[in-house]
1. Can you tell me which of (1) modelled with pLDDT of 80 or more; (2) surrounded by 10 or more Cβ atoms within 10 Å (Cβ to Cβ); (3) part of a helix (DSSP H, G or I) is the one ALA50 doesn't meet?
2. For the range 70-88, what are the residues that are of a type outside the set (A, V, I, L, M), under 18 Å from ARG60 (Cβ atoms) and over 25 Å from the mean Cα position of the chain (by Cα)?
3. May I ask you to verify whether ILE112 is modelled with pLDDT under 90 and touching a Leu at 6+ places or on another chain (Cβ under 8 Å)?
4. Considering each of ILE75, ILE38 in turn, give the residue that is among the β-branched types (Val, Ile, Thr) and either under 27 Å from GLU92 (Cβ atoms) or modelled with pLDDT of 85 or more (or both).
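The values are calculated or read from the model by the stated rules, or taken from the named source; none is laboratory data. Fair warning: this is a prediction, and the values are worked out from it, not measured in the lab. Cβ placement follows ideal geometry from the backbone for every residue including glycine, while neighbour counts extend to all protein chains displayed.
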Amino acid sequence: MLFVKKDTKGNIEAISRKAEAGFEPCTPETRREVQKFIDDQGDQAAPKDALLASDNELARVTEDLIHLLINKQLIMFTELPEPVQKKILAREKLRAKLGDSGGTLMDDEGSI
């Protein structure tokens, strides 16, 4: 059985499989509202998932941009803040383990 929690306007704001404080049993009359609520949540989740995926892609673009700027000698790796240097090097090591070097800042001995 489903339980629903409604806001002050009577709109569903949460659904639960358990009877919790503030939740009422779902009735045949509220099933259509429940379906609409679920559909609306799915519509909101898709953009959130797409944004999360693009965050991961943008992180790689940022790394590639840093590599490009260093290769063109527009910036030096050592000019980056130390926490940034550590994160970049850690990601490069992880990518190397996966066989995806993608143009590394380190040589074979781990030096920059």
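1. It fails just one condition, (1).
2. ASN71, PHE77
3. Considered against the rule, which asks whether it is modelled with pLDDT under 90 and touching a Leu at 6+ places or on another chain (Cβ under 8 Å), ILE112 comes out as yes.
4. Within the list ILE75, ILE38, the selection yields ILE75.
The rows are residues; the columns are (1) part of a helix (DSSP H, G or I); (2) charged (D, E, K, R); (3) out of contact with any Leu (no Cβ under 8 Å at 6 or more places or on another chain).
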| residue | (1), (2), (3) |
| --- | --- |
| VAL4 | no, no, yes |
| LYS9 | no, yes, yes |
| GLU33 | yes, yes, yes |
| LYS36 | yes, yes, yes |
| GLN41 | yes, no, yes |
| ASP55 | yes, yes, yes |
| LEU69 | yes, no, yes |
| LEU74 | no, no, yes |
| VAL84 | yes, no, yes |
